[in-house]
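Provided herewith is a single structure, encoded as structure tokens, for subsequent inquiry.
Taken together, the values in this text are just the output of simple stated rules run on the coordinates, not laboratory data. Please read all numbers here as calculations on a predicted model, not as lab measurements. Here Cβ is always computed from backbone atoms with ideal geometry, including for glycine, and neighbour counts include all displayed protein chains.
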Amino acid sequence: MEKLPKHISEKERFSLVARARSFRYAIRGMGIILKTQHNFWIQIVGAAIVAYMGVFYRISGTEWTVLVLAITTVFVAESFNTAMEIDIDLTSPQYHPYARDTKDVAAGAVLLATVGAVLVGCIIFIPKIFIGI
């Protein structure tokens, strides 16, 4: 085995096994979200309805791209919100106003992402539904 320079630790060295492990951890994290977050299931159902509407109305590639980005933004916001809730519950098991504020701000970020995604959906689908474009 090649000796690493002193300034490069074993952790910094590239390893396919370590990369594969990191995917396993990420998939485990997604499983935690799916098992514990009821709002995530609602968001998945909403995304499925939007995908169906996209197929039904034969939206353009650009419209698909914008929808996928909007949906992904909501999923990512919900994921970060869940991570923050888990961390706050660990680090502040008793009530603290800052812990409440942190959770509320994270939930607000999910709301902002969701409102943005709904607006994107409205911009794309309202003309198709009511005007037939």
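For ILE49 and LEU111, FRET efficiency with R0 = 25 Å and r from the beta-carbon atoms, rounded to 0.05?
E between LEU111 and ILE49, to the nearest 0.05, is 0.85.
I've got another one for you. Relative to the longest principal Cα axis of the chain, at what angle does helix 97-126 sit, 0 to 90 degrees, rounded to 10?
It works out to around 40 degrees.
State the extension gain, in nm to one decimal, for the chain segment bounded by ASP104 and SER60, taking 0.36 nm per residue of separation less the distance between their alpha-carbons. Please list the in-between numbers first.
Numbers: separation 44, 0.36 × 44 = 15.84 nm, distance 3.65 nm.
So the extension gain works out to 12.2 nm.
Work out how far the C-alpha atoms of the chain reach from end to end along every principal axis, then list the three figures in whole Å, largest first.
In descending order, the Cα extents are 67, 46, 25 Å.
If one takes the longest principal axis of the Cα atoms in the chain, at what angle in degrees, from 0 to 90 and to the nearest 10, does the Cα axis of helix 16-36 lie?
50
Same structure again: Rounding to the nearest 10 and keeping the result within 0 to 90°, find how far the Cα-based axis of helix 38-56 lies from the longest principal axis of the chain.
Its long axis makes an angle of about 50 degrees.
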